[in-house]
Each structure stands twice: as C-alpha cells, then as structure tokens.
1. Which number do you get for Rg(Cα) / (2.2 N^0.38 Å) in the chain?
2. Among Asn51, Ala2, Leu30, whose Cα lies farthest out toward the positive end of the dipole of the chain, if unit charges sit on the beta carbon of Lys, Arg (+1) and Asp, Glu (-1)?
3. Please give the net charge around Ala19, taking every other residue with its beta carbon less than 11 angstrom from that of Ala19, where Lys and Arg add +1 and Asp and Glu add -1.
4. Report the residue, chosen from Leu30, Leu68, Leu13, that carries the largest GNM mean-square fluctuation when the chain is represented by alpha-carbon nodes joined by springs under 10 Å.
5. Can you give me the % of accessible surface on the chain that is carbon or sulfur? Probe 1.4 Å, all protein chains present, nothing else counted.
6. Any idea what angle helix 65-75 forms with the longest principal axis of the chain, computed on alpha-carbon atoms, 0 to 90 degrees, nearest 10?
7. Springs between alpha-carbon pairs under 10 angstrom, Gaussian network model over the chain: which of Glu52, Glu71, Glu15 fluctuates most?
8. At 1.4 Å probe radius, can you tell me the per residue accessible area of the chain in Å²?
Amino acid sequence: MAAGNISLPEPLLAEIQSAAEAQHRTADELAADAIRQYLKEQSWVEFVERNESRAKEMGITEGDVDRLITEYRAENQQPGR
C-alpha cells in the first residue's frame, strides 16, 4: 500500500480516530473505506446524470420507463436469450 499525506481538520481527524477505535480498525482503514464509498457514490451519480441527459435528448420521460421496460422484457423473452 502506498503512503500519502492528507490534511484534515483536527475535529474531523478526532472523529475518524474515535470511530476507528470503536470498530477496532485503524484510522487509515476507516478513511480508505469512506473514500471508496464516496467514489462509488460519485460514479453512480455521474451515471444517473449522464443517462438522464441521454433520456432527455431522446424524448424519454419518467412516465415512459415502465412501458419501455415491459417492451424490452417482452422482446427478450425469446428462447435462447
């Protein structure tokens, strides 16, 4: 694992250390997990935004979604799919 330095406000660092101790983990482990979760959520937010934009360009509204899913499933229920 690579070592790096991140500066955090003292109160936040104290909270991280306290939470890590309560979970019998290191502050580094807790921070790494939190950052991974943040990046995962950001990736999801970007995915949703990108696809909302595509749907808008295609003229698809939220009201169309159930119908489109039903149509897609019907088309793909053929044997061998």
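1. Cα-based Rg divided by the globular estimate yields 1.87.
2. So the residue we want is Asn51.
3. So the environment of Ala19 carries a net charge of -3.
4. Leu68
5. 54 percent
6. Computed tilt is about 60 degrees.
7. The residue with the greatest mean-square fluctuation here is Glu71.
8. Accessible surface, normalised per residue, equals 93 Å².
The values are calculated or read from the model by the stated rules, or taken from the named source; none is laboratory data. This is a predicted model, so every value here is computed, not measured. Note that each Cβ is placed from the backbone with ideal geometry, even for glycine, and that neighbours are counted across all protein chains shown. Just so you know, the surface numbers come from the protein's heavy atoms only, side chains and all, with ligands and any DNA or RNA stripped out. Shrake-Rupley method; radii C 1.70, N 1.55, O 1.52, S 1.80 Å.
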